[in-house]
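Peer 1: The structure's right below; bear with me while I get my questions together.
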Amino acid sequence: MPTINKRELTEVLSSSQKKYKPSKKIISQANVKNYEAVLKEAARNPEKFWEEAAQDLEWFKPWDKVLDASKKPFFKWFTGAKCNLAYNALDRHIGTKTEKNKAIIWEDEAGRTRQYAYLELYQEVNKLVNALRGIGAKKGDRIAIYMPNIPEIAFAMLACAKIGAIHSVVYAGFSAAALADRIKDARAKILFTADGSFRRGKVINLKEIADSAVKSCKTIKKVIVAKNNNEKVKFNKSKDIWYKDFVKGQPTEAKCARMDSEDPAFVLYTSGTTSKPKGVVHAHGGYPVGVLRTIKWVFDLKGDEIFWCTADPGWITGHSYIIYGPLLAGVTTLMYEGVPDMPAPDRMWRIIEKYKVNVLYTAPTLIRAMMKYGAKWPAKHKMPSLRILGSVGEPINPSAWKWYYKYIGKNRCPIMDTWWQTETGMNMITPLPTAPLKPGSAVKPFPGIIADVVDKKGKRAPAGKGGYLIIRNPWPSMIRTIYKNPKRYIKTYWSKVKGAYFTGDVAFRDKDGYFWIQGRTDDVLKIAGHRIGTAEVESSFVSHKSVVEAGVIGVPDPIKGEVIKAFIILKQGINPSDNLKQELKMQVRKTIGPIAVIKDIDFVDKLPKTRSGKIMRRVLKAKELGLPLGDTSSLV
Ligand code: PRX
């Protein structure tokens, strides 16, 4: 992973390292002016901090208690309160001056655009709420959403939340098999999809993929299909309905469900250390408290600004900072459906100039790809509207940070390197715009978050020494459980270091208390910022008729951060060949999706294993990268 090289690490650890201080203008505009004082105050009493943050939302009934830790680690926030996530993101803006603000600006690769004011979005969502209720959808139902980055995905998510149904968004780059697994685990009743999605000038027929998933999912009773590309699609008349027909004639007002603050709002599947993805559950009450507070403080948003997060709504970044965060804050969210270099490598900069984007939130892999095209592309565009920049998904290497700062932010826009996870719901370790920055560091925990770097026993690691990144206190937008698997929730997050949330990441802190995230300790890969489990990829290989066993590792890639290298044992009598390699790559693409990029496959006779038969991926990786093998006492 291109985190920090040796030279950069020496620079990081030397106290003379240059800090990038915020300008007077940034400080004078900032929502939070006195960074250190706010951090200290929140650390004194995090519960008080979060209670105060919760006042930024509207509650149908206030809470009896801010935090109930009696059944920890199943923490409950704002117990006794009644509320609704969609009400806070949408309904409460109606009748205020925000209703005329643009809620969504959408553009696709081909240049088509659509825009919705808050009032229009509210009406679209209400029509869908009424239509869903018309087919019997209700509180607690699970509804799967497999759609591209188009306004209808926002309508669908908000409509589910408004009726109290639990949405499960599955990234539209996942395969039919991956979609089917997620639908089955959640026992979803309804599926939202689209005819197609644009990708590099080509249309991907999403409906076809959805159909192939639905074939094995008996729970799905209705498939609602948004028309995006005029793709020819097959229709199953008993189940399928066009989105337009579904909402036709529906009233533009709808009642909002009164939810308990701890009722699940959504489940989002993410990769872990086994081949089965985990359904991360987030709640109606606490989730928006953390998301609103972070978007307002980290990205320093003002009332009528334009926020562009380049993720996809299928990931947590999209949930929190394309859909819910900007809407909770009443600002405009920009949705772009397409790749950043079509028709030319200046597409992103063109969009920023065209819509006068104020805050850009993107990923290191994308910055590195843009760096490769060169600074001449952003130089073609005027981007004085930009005020704050953001980075997320993987460590940003200092050289990419500096390029982003110089050529995109024009040495004027602070970069918020935000560390967080699907499970945390919100930015956890991040600067605020008034903090002095060090390229490559995510700076410090957000106010109200107590993070630490520790050894196996939970003892704090000294400055400069790597250790496990943990969170010592609960926070409102934290994962509540793993869907239908509370035991796995405890085992994964709460049993590695006593009393603390285990992030699965390694990090170190420098002498100034700045955090430097180094990557995962477990078998989770980060391919272009996308989270994929090694076990998922291995089980995909093993499902091929020629394969006996597979071990996969992540190897560094200059643009994608990591790509996959696989070691495969073939069945007896099967001859290794380039054709077979290609077939196996396609197998992974088919079972997981195009995000699982396999760089290379080696056919081997043996895999390094422990006595209990577990593949030692660490050994595979050390050999591949020419690193010391480390402790091999358990190696057979
Ligand atoms: O390893 C960390 C990395 O991404 C993981 C979480 O992945 P996911 O749940 O898909 O969420 C990604 C977007 C929030 C983390 O455990 N990660 C995320 N942000 C950063 C990061 N690593 C370093 N720096 C970051 N800013």
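Peer 1: Given the whole protein assembly as supplied and a 1.4 Å probe, what does the accessible area of Glu58 come to in Å², nearest 10?
Peer 2: Roll a 1.4 Å probe over it and Glu58 shows about 80 Å².
Peer 1: Considering only C-alpha atoms, what is the centroid distance from region 461-477 to region 600-628, in Å?
Peer 2: Measuring centre to centre over Cα atoms gives 29 Å.
Peer 1: Sticking with this one: Given Cβ point charges of +1 (Lys, Arg) and -1 (Asp, Glu) and nothing else, what value in debye, to the nearest 20, does the dipole of region 118-260 about its Cα centre take?
Peer 2: Here the size comes out at about 420 debye.
Peer 1: Can you pull the percent of region 115-182's accessible area that's carbon plus sulfur, 1.4 Å probe, other chains left in place?
Peer 2: Heavy-atom surface of region 115-182 belonging to carbon and sulfur, 1.4 Å probe: 46 percent.
Peer 1: Considering only C-alpha atoms, what is the centroid distance from region 297-346 to region 36-109, in Å?
Peer 2: 19
Peer 1: With θ taken as phi - 60° and the coefficients 6.51, -1.76 and 1.60, list the Karplus ³J(HN,Hα) couplings across region 78-89 in order, rounded to whole Hz; mark glycine and proline as x.
Peer 2: These are the phi-based 3J(HN,Hα) values: 6, 5, x, 7, 10, 6, 7, 4, 5, 4, 6, 7 Hz.
Peer 1: Can I ask one more? Once the dipole of the chain is set up with Lys and Arg at +1 and Asp and Glu at -1 on Cβ about the Cα centre, which of Ile532, Trp475, Ile569 lies farthest towards its positive end?
Peer 2: So the residue furthest toward the plus end is Ile569.
Peer 1: Could you work out the relative contact order of the chain? I mean the mean sequence separation of Cα pairs under 8 Å and 6+ apart, divided by the number of residues, in percent.
Peer 2: For the chain, the relative contact order is 14 percent.
Peer 1: Mind pulling up the Rg/Rh value for region 74-216? Radius of gyration and Kirkwood radius, both on Cα.
Peer 2: Radius of gyration over Kirkwood radius for region 74-216 works out to 1.00.
Peer 1: Residue farthest toward the positive end of the dipole of the chain, with Cβ of Lys/Arg at +1 and Asp/Glu at -1: which of Phe603, Gly303, Leu386?
Peer 2: Of the candidates, Phe603 comes out farthest on the positive side.
Peer 1: Using amide H atoms built in the peptide plane, which far-off residues or other-chain residues are under 5 Å from Asp557 H to H?
Peer 2: It is Glu562, Val563, by chain and number.
Peer 1: On to the next question. Helix-derived [θ] at 222 nm for the chain: sum -39500 (n - 2.57) over DSSP H runs of at least 4, divide by residue count, nearest 500?
Peer 2: Estimated from H runs of four or more residues: -8000 deg cm²/dmol.
Peer 1: Name the GluC sites (Glu not before Pro) in region 185-281 that are in a loop by DSSP and that have at most 12 other C-beta atoms within 10 Å, would you?
Peer 2: Hits after loop and neighbour filter: Glu253.
Peer 1: Taking amide hydrogens as modeled 1.01 Å from N in the peptide plane, which residues meet the under 5 Å criterion relative to Ser546, leaving out close sequence neighbours?
Peer 2: For Ser546, whose amide H was placed from the backbone, there are no distant partners under 5 Å.
Peer 1: Beta carbons within 10 angstrom, averaged per residue: use that to sort the peptides 112-125, 367-380, 176-189, highest first.
Peer 2: 176-189, 112-125, 367-380
Peer 1: Specify whether the C-alpha gyration tensor of region 525-625 places it in the rounded, prolate or oblate class, a ≥ b ≥ c being the square roots of the eigenvalues: rounded for a/c under 1.5, otherwise prolate if a/b is larger than b/c and oblate if not.
Peer 2: Oblate, because a/c is 1.5 or more while a/b does not exceed b/c.
Peer 1: When the dipole is taken about the Cα centre of region 525-625, and only Lys, Arg (+1) and Asp, Glu (-1) are charged at their Cβ, what size is it in debye, to the nearest 20?
Peer 2: It works out to roughly 300 debye.
Peer 1: With every protein chain kept in place and ligands, DNA and RNA left out, what is the accessible area per residue of the chain? Probe 1.4 Å, answer in Å².
Peer 2: Accessible area per residue: 40 Å².
Peer 1: Here is a further query. Which Cα, out of Ala154, Asn45, Tyr122, lies furthest along the positive dipole direction of region 20-160 (beta carbon charges, K/R +1, D/E -1)?
Peer 2: Asn45
Peer 1: If one computes the Cα centroid of region 237-291 and of region 511-548, what distance in Å separates the two points?
Peer 2: First find each Cα centre; the distance between them is then 27 Å.
Peer 1: Counting only Cα atoms, I'd like the Rg/Rh figure for the chain, Kirkwood definition for Rh.
Peer 2: In the chain, Rg relative to Rh is 0.94.
Peer 1: Starting with the highest mean, order 538-544, 244-250, 220-226 by the number of other Cβ atoms within 10 Å, averaged over the residues of each peptide.
Peer 2: Highest to lowest by the protection proxy: 220-226, 538-544, 244-250.
Peer 1: More than 22 Å apart: what percent of Cα pairs in region 312-454 qualify?
Peer 2: Tail fraction, whole percent: 38.
Peer 1: Given an 8 Å cut-off on Cα distances and at least 6 residues of separation, report the relative contact order of region 118-260 as a percent.
Peer 2: Here the relative contact order equals 28 percent.
Peer 1: What is the dipole size for the chain, taken about its Cα centre, with +1 at each Lys and Arg Cβ and -1 at each Asp and Glu Cβ, in debye to the nearest 20?
Peer 2: 500
The values are calculated or read from the model by the stated rules, or taken from the named source; none is laboratory data. This one's a predicted model, so the numbers in the text were calculated from it and none came from an experiment. Backbone-built Cβ (ideal geometry, glycine too); neighbour counts: all protein chains shown. To get the accessible areas, we keep the full protein, side chains included, count just its heavy atoms, and leave off ligands, DNA and RNA. Shrake-Rupley method; radii C 1.70, N 1.55, O 1.52, S 1.80 Å.
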